[in-house]
Amino acid sequence: MKELLTLSVAEINQKLHAREVSAVELTEAVLTHISETEPKVQAFITPTPELALEMARQAQARLDAGERAPLLGVPIALKDNLCTRGVRTTCASRILHNFIPPYDATVVRRLRETGAVFVGKLNMDEFAMGSSTEFSAFHPTRNPWDLARVPGGSSGGSAAAVAAHMAFATLGSDTGGSIRQPASFCGVVGLKPTYGRVSRYGLVAYASSLDQIGPLTKTVEDCATLLNAIAGKDPHDATSVDLPAPDFREALVDDIKGIRLGAPKEFFGQGVQPEVAETVRKAIGLLESVGAEVQEVSLPMAEQSLAIYYILAPAECSSNLARYDGVRYGLRVGAEKGHIGMMEATRAEGFGKEVIQRIIIGTYALSSGYYDAFYLKAQKGRTLLRQQFDAVFQQVDALVCPTAPTPAFKLGELVDDPLAMKLADVLTIPVNLAGLPGLSVPCGFVNGLPVGLQIIGKPFDEMTVLRVGYVWEQLACLRDELRTPTGLQA
Amino acid sequence: MALTLEQMRHTAKLARLELSDEQLTELMRPINALMEHFERLQALPLDEVEPTSHSIPVFNAFREDVVGETLRREDALANAPDARDGLFIVPRIVEE
């Protein structure tokens, strides 16, 4: 049974349909594995075993009735900033420690309809602000490849759960790299779709012009399957785009001949560890050897992205997080201090340091007299960056580069360094600012730790991104090596 | 461009955060490290550039003016720290 847990969604789907295992047996095996593995990894905030078994029974009934569907009966898990009706959704924050949403996020509703089985809600940095999952108000998550290291963040629980086979796939959210960077650190596949491709309704907002929900999976094929399930226009999210969502599985073509790839030179400098750059360059060389046309390109504005992001994202966060005031949900303290005093006390006690830091930066950047110097300037910088991406995409079909400048770092290593932690996202942030799709696929290992290859595409061209990722995955043949994370052996 | 303690106090007030001077002083170091990093934007040639608020063009999204699904009142109130008679209860706002 244990070996079944290391299979992909596509592989376990076949076993379910062939009746080699039932959805209930499979779910029970996953729940047992979670109870054994979770003390080491701590990927979850709220496991949902009873809900999982109930959903598994329903899925099995549909399977017994002869229904065929790619996620039917497959155990998956959700980042804890996705609203789940009746299941606590905390955003890893004290301020929402007891929040039970009265509705489902659109992606959650869509996954329910596919017959997927929800095994729990996953740990993250508080309100998705961080790059290591150490800023969770509950506990840090550990990297299955080395338990002394972080899984990345903010979707650290989502990446670690897939790597440790506690779910066949998970959903995360990505505002500045929060799907791709942990995917890189944990040796899994992670996709941030184009802004607008997936509805954000029911995703607890951090920075609304940057946030996107996306899948974390063991294979590129599974990534396409999950994207099929969650993509598409939603009347509840006015920024979701009314484009016909293609069948993303049609991207899974093992042929890259004639595809033009650009290697942006700025993404190989900027503090990228030489061994990481080398690993990624080797991968690009291999893609070239099977027919990709590779050229070096330049995106000078990428080096300003961190500054732009740390004005815009906190500005949006300061506005979005104004709703946590102790009135309608979540924590309330200091009721004796009057209504303003209650709000001030509630917010100071409910939010962690990193969140408070960003609220203050954002409030300052938007405040009277500073708006032009910070917020407006950053928005203009964002335009320049987008223009540079547009120009580069006149020459190439996709960009290839490292996902993160280093492999996973140690717990505690960067937590007190205000800039070093943020530099972990320096290669992923430009993609959010420009609203582009970005995929991280396992590329190789540096000092025994996984490293990701990032593939960036034109807006709404997830097809090319997935295709390049799929071709690389077939070339790399890392699947067996990725099956048994070193931190969980013995 | 570093924030002073006085500016920190004012900004915390705007953001409705009850923070002591000790807490604000501790927050100044990481915040000012970022403020210093923001300096690099000052040199960019941005005068002629239009600001981007969304990476995709987003315009007003209209819909038919019909009643859609709504939350039931008891569901909307279920998470409230204090609720009574179908209402959210807040500390007294108007003095007697």
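Observations, loosely collected:
- Top-ranked residue in segment A:255-271 [being surrounded by 15 or more Cβ atoms within 10 Å (Cβ to Cβ) and out of contact with any strand residue (DSSP E or B) (no Cβ under 6 Å at 6 or more places or on another chain); ranked as nearest to residue A:448 (Cα to Cα)]: A:268
- The sole residue among A:386, A:347, A:328 that is in contact (Cβ under 8 Å) with a residue 12 or more places away in the chain, surrounded by fewer than 23 Cβ atoms within 10 Å (Cβ to Cβ) and facing chain B (nearest Cβ under 7 Å) is A:386.
- The set of residues in segment A:194-240 being in contact with a strand residue (DSSP E or B) (Cβ under 6 Å, 6 or more places away or on another chain) and small (Gly, Ala, Ser) consists of A:214, A:231.
- In segment A:407-420 there is at least one residue that is farther than 21 Å from residue A:316 by Cβ, touching an Asp or Glu at 6+ places or on another chain (Cβ under 8 Å) and surrounded by 21 or more Cβ atoms within 10 Å (Cβ to Cβ).
- Extreme residue, farthest from the other protein chains (Cβ to nearest Cβ), among residues of segment A:90-111 that are of a type in the set (Lys, Arg) and over 15 Å from residue A:324 (Cα atoms): A:110
- Strands (runs of 3 or more DSSP E) enclosed by segment A:175-294 - at least 2 residues per element that are under 21 Å from residue A:392 (Cβ atoms) and not basic (Lys, Arg): A:260-264
- Residue among A:391, A:373 that alone is without any contact (Cβ under 8 Å) to a residue 40 or more places away in the chain, outside any loop (DSSP other than H, G, I, E, B), more than 14 Å from chain B (Cβ to nearest Cβ) and surrounded by fewer than 18 Cβ atoms within 10 Å (Cβ to Cβ): A:391
- Some residue of segment A:148-157 being in contact (Cβ under 8 Å) with a residue 12 or more places away in the chain, in contact with a helix residue (DSSP H, G or I) (Cβ under 6 Å, 6 or more places away or on another chain), assigned to a helix (DSSP H, G or I) and closer than 23 Å to residue A:321 by Cα: yes
- Each residue in segment B:30-46 was checked for being more than 7 Å from every other protein chain (Cβ to nearest Cβ) and either surrounded by 10 or more Cβ atoms within 10 Å (Cβ to Cβ) or closer than 16 Å to residue B:3 by Cβ (or both), and 5 of them qualify.
- Number of residues in segment B:1-26 that are surrounded by 20 or more Cβ atoms within 10 Å (Cβ to Cβ), in a helix (DSSP H, G or I) and within 8 Å of chain A (Cβ to nearest Cβ) equals 3.
- Residue match in segment B:47-63 (condition: at pLDDT 90 or above, at the interface with chain A (Cβ under 9 Å from one of its Cβ atoms) and surrounded by 12 or more Cβ atoms within 10 Å (Cβ to Cβ)): yes
- Test for residue B:90: is it surrounded by fewer than 15 Cβ atoms within 10 Å (Cβ to Cβ), of a type in the set (A, V, I, L, M, F, W, C) and assigned to a loop (DSSP other than H, G, I, E, B): no
The values are calculated or read from the model by the stated rules, or taken from the named source; none is laboratory data. Bear in mind that the values here come from a model prediction, so they are computed numbers and not experimental data. All Cβ positions, even for glycine, are placed from backbone atoms using ideal geometry, and neighbour counts span all protein chains on display.
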